[in-house]
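The values are calculated or read from the model by the stated rules, or taken from the named source; none is laboratory data. These numbers were taken from a predicted model, which means no experiment stands behind them. We place every Cβ from the backbone using ideal geometry, glycine too, and count neighbours over all the protein chains shown.
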Amino acid sequence: MTTFSELGISDAYIKALNELNIVNPTEIQTAVIPKLLGNRTDLIGLAQTGTGKTAAFGLPILNSINPTKAEVQGLIIAPTRELVQQIKKQLFKFTKYTDAKIFVEGVYGGEKIEIQIKALKRPTHIVVATPGRLLDLIGRKAVDISKVKTLILDEADEMLSMGFKEDLNKIISYNTSKRNVWLFSATMPAEIKRIVRTYMSDTAIKVEVNKNSLVNENISHHYIKTKIEDKVNLIVNLLRERKDDRGVIFCRTKAGTKTLAKQLLSKNFSVAPLEGGMQQKEREKVMRAFKNEKLQILVSTDVSARGIDVNNLAFVLHHQLPEQLEYYTHRSGRTARAGKKGQSIALIIPGEMQKVVDVQKALGITFREMTLAT
């Protein structure tokens with residue numbers, strides 16, 4: 001078993017990792033960290049969500065910072081505010097025992113921009129940002145990214161699927177001769193390949209984890225046949241069967257998310273909705289409660305669930321299979337994190353079996369039918 005020390009990580013970081021119960025490097029960390037520590041290189045990292053990518057790029061970027069220079073040297077772009085907050089918090093925890101402090105700032109929509117402008121006036125070494133808010137701050141001359149040495153694109157395929165193509169192009173077209181790009185993605189659609197060709201070196205290192213598995217192999221996939229009018233009762237029975245398990249239920253729409261959460265609350269389940277129409281403070285309150293295990297079940301839309309990093313979730317439940325294939329990968333990746341096992345369960349109504357067949361074929365996975373005790 002490789003250790004973080006053998007990968008080249010210093011004792012101060014290892015002490016912080018141990019406190020976070022991060023003891024043994026994951027596959028992506030083992031593959032990536034030695035290539036990035038102290039090296040000026042472009043890198044493409046292909047790995048599923050929940051495989052430890054934040055430490056894989058986070059430790060090397062922290063190592064690359066010169067704390068005596070009060071300028072933005074590292075820039076991390078992520079698709080959602082939840083993921084931005086999570087990365088910022090993780091980097092802060094990694095630096096607990098370092099002698100010289102490295103300052104990280106997170107900027108994202110949903111919070112007053114004036115608060116973030118004020119925060120960026122303090123010395124900042126690394127900025128973690130959603131694309132739209134970063135461009136807004138650049139336009140207001142509130143942040144200077146001209147000295148950035150390392151640009152990290154996390155969940156790059158997610159950003160494209162969420163419509164950030166033009167924003168990304170604007171961001172990564174800055175200071176192209178001065179910085180390296182580290183791109184992390186679960187999949188490699190054509191647009192990601194174009195970004196690689198346009199903005200990254202021909203000698204970019206490519207690291208691929210679980211090459212033959214588009215979905216975390218610790219996840220088992222199931223479907224339950226039902227009818228639209230029976231879905232709520234079926235979900236109630238499933239949750240009662242699993243009264244000690246925690247999980248996420250995915251709905252396609254904000255309205256559906258709120259309605260289902262309300263229906264489950266009326267049945268006395270510990271549940272809350274998470275959807276795009278909520279105020280940022282309310283979203284953060286829900287996520288805190290879920291992470292602290294004060295909530296058992298989260299009912300969420302696809303976009304709102306991006307960046308949810310909660311260990312020990314036993315299952316994800318698809319109220320409907322998503323329209324986009326990538327969403328299935330990211331939904332199911334909420335479970336079976338940090339080496340644990342988990343289940344992905346889809347509710348299927350008459351006429352939808354072809355969708356199951358299509359997902360199986362595209363992702364190389366096998367669905368098994370599941371029935372509930374009546």
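Output the residues belonging to the range 121-143 that are among the hydrophobic types (A, V, I, L, M, F, W, C) and assigned to a loop (DSSP other than H, G, I, E, B).
Those that are among the hydrophobic types (A, V, I, L, M, F, W, C) and assigned to a loop (DSSP other than H, G, I, E, B): 142, 143.
Would you please name the residue that is nearest to residue 58 (Cα to Cα), looking only at residues in the range 90-110 that are of a type in the set (Gly, Ala, Ser) and within 17 Å of the chain's Cα centre (by Cα)? So that I can check it myself, show each step before the final result.
Taking the range 90-110 and keeping what is of a type in the set (Gly, Ala, Ser), we get 100, 106, 109-110.
If we keep only those that are within 17 Å of the chain's Cα centre (by Cα) as well, we get 106, 109.
Values: 106: 14, 109: 22 Å.
For the range 90-110, the residue satisfying everything is 106.
Of these, 113, 87, which one is assigned by TED's automatic domain parsing to the domain that holds residue 38 and crowded, with 22+ Cβ neighbours inside 10 Å?
None of the other options fit; the residue is 87.
How many of the residues making up the range 138-170 are farther than 22 Å from residue 66 by Cβ, among the aliphatic types (A, V, I, L, M) and touching a strand residue (DSSP E or B) at 6+ places or on another chain (Cβ under 8 Å)?
Taking the range 138-170 as the starting set, the residues that turn out to be farther than 22 Å from residue 66 by Cβ are 138-142, 153-170.
Checking the rest, the ones that are also among the aliphatic types (A, V, I, L, M) come to 138, 142, 153, 156, 159-160, 162, 168.
Remaining after also requiring touching a strand residue (DSSP E or B) at 6+ places or on another chain (Cβ under 8 Å): 153, 156, 159, 168.
Total satisfying the criteria: 4.
Select, from 313, 317, the only residue that is in a strand (DSSP E or B) and of a type outside the set (Ser, Thr, Tyr).
After ruling out the rest, the residue left standing is 317.
Inside the range 178-278, counting only helices (runs of 4 or more DSSP H) that do not spill past its ends, which hold 3 or more residues that are within 30 Å of residue 79 (Cα to Cα) and out of contact with any strand residue (DSSP E or B) (no Cβ under 6 Å at 6 or more places or on another chain)?
190-199, 254-265
Give the number of residues within the range 237-282 that are over 11 Å from residue 301 (Cβ atoms) and of a type in the set (Ser, Thr, Tyr).
3
Exactly one of these conditions fails for residue 295: (1) in contact (Cβ under 8 Å) with a residue 60 or more places away in the chain; (2) over 18 Å from the mean Cα position of the chain (by Cα). Give me its number.
(1) is the only condition that residue 295 fails.
Among the residues of the range 32-54, count how many are buried (at least 20 other Cβ atoms within 10 Å of the Cβ) and touching a helix residue (DSSP H, G or I) at 6+ places or on another chain (Cβ under 8 Å).
The number of residues fulfilling the criteria is 13.
Could you check how many residues of the range 329-364 are aliphatic (A, V, I, L, M) and buried (at least 16 other Cβ atoms within 10 Å of the Cβ)? Working first, answer last.
Filtering the range 329-364 down to residues aliphatic (A, V, I, L, M) leaves 336, 338, 345-349, 353, 356-357, 359, 362-363.
Okay, now just the ones that are also buried (at least 16 other Cβ atoms within 10 Å of the Cβ), so 336, 345-348, 356, 359, 363.
Of the residues in that region, 8 qualify.
Select from the range 4-41 the residues that are assigned to a loop (DSSP other than H, G, I, E, B) and either assigned by TED's automatic domain parsing to the domain that holds residue 329 or touching a Phe, Trp or Tyr at 6+ places or on another chain (Cβ under 7 Å) (or both) and list them in ascending order.
First pass over the range 4-41, keeping only residues assigned to a loop (DSSP other than H, G, I, E, B): 8-10, 20-26, 37-41.
Within the range 4-41, just 25 meets the criteria.
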